[in-house]
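Just so it is clear, none of the values below were taken in a lab; they were calculated from the coordinates. Model, not experiment: these values are computed from the prediction. All Cβ positions, glycine included, derive from the backbone under ideal geometry; neighbour counts span all protein chains shown.
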């Protein structure tokens, strides 16, 4: 998604912190934000995981630690959360909600207002819209506990008082970007769908300066 030189110049004044930057979608987000001229900081647990995030400032530390979060948030204009966690069929999942509570509290303390967070289809009121295979097999057998925590994560964000956008991608793939997505707020009649991580990153980075979806939960798909 190309920008004019004027838009790129405007973006250059924006400072963005990315959490979950070392994951598959997070790496696309970092690359696209840098390409648009943003000054990008990433929070990573160790330097090894942050390899390849060229052009980004790396802050090492735990996303659950308030001191680390507040340090990383200094001077930032916005935060993108691409935090994820592996499938957990049996063990309870709390990482996403715990990290999100820590993040929103740190943002409130540091006066950073804009939060764009990725959850996924199956969180909140998007549950039941993933299509037969996802809803009947993948969700109950593999992802039920993860998505229960994603729903808790969304509740924390919605109650944070921040200027937030929750982005719910459909099933992710690593295909080439198409450069266009559908963003749905009304899920009536919608079931299933896939989207490339690169297109998710495009949409998410768009929200850093856009006000179109503040306080909303767009589901994005091809």
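For the peptides 82-95, 109-122, the ranking by packing is 109-122, 82-95, with the highest mean count of neighbouring Cβ atoms within 10 Å listed first. Using C-alpha pairs under 8 Å with a sequence gap of at least 6, the mean separation divided by the residue count of the stretch 5-221 gives a relative contact order of 20 percent.
The calculated FRET efficiency for the pair residue 91 and residue 13, based on their C-beta separation and a Förster distance of 41 Å, comes to about 0.40. For the stretch 131-222, the fraction of C-alpha pairs more than 20 angstrom apart is 42%. Labels on offer are (i) 28; (ii) 24; (iii) 21, and the one holding percent of Cα pairs over 29 Å apart computed from this structure is (iii).
Only helices enter this figure: runs of n ≥ 4 DSSP H residues, each worth -39500 (n - 2.57), summed and divided by the residues of the chain, yield -9500 deg cm²/dmol at 222 nm to the nearest 500.
Calculate the length of the line joining the C-alpha centroid of the stretch 18-92 to that of the stretch 118-132, in whole Å. The stretch 18-92 and the stretch 118-132 have Cα centres separated by 24 Å. Legend: calculated FRET efficiency, residue 45 to residue 174, from the Cβ-Cβ distance at R0 = 22 Å, rounded to 0.05, equals 0.40. Between residue 209 and residue 158, the simple spin-label model (points 7 angstrom out along Cα→Cβ) gives 3.0 nm.
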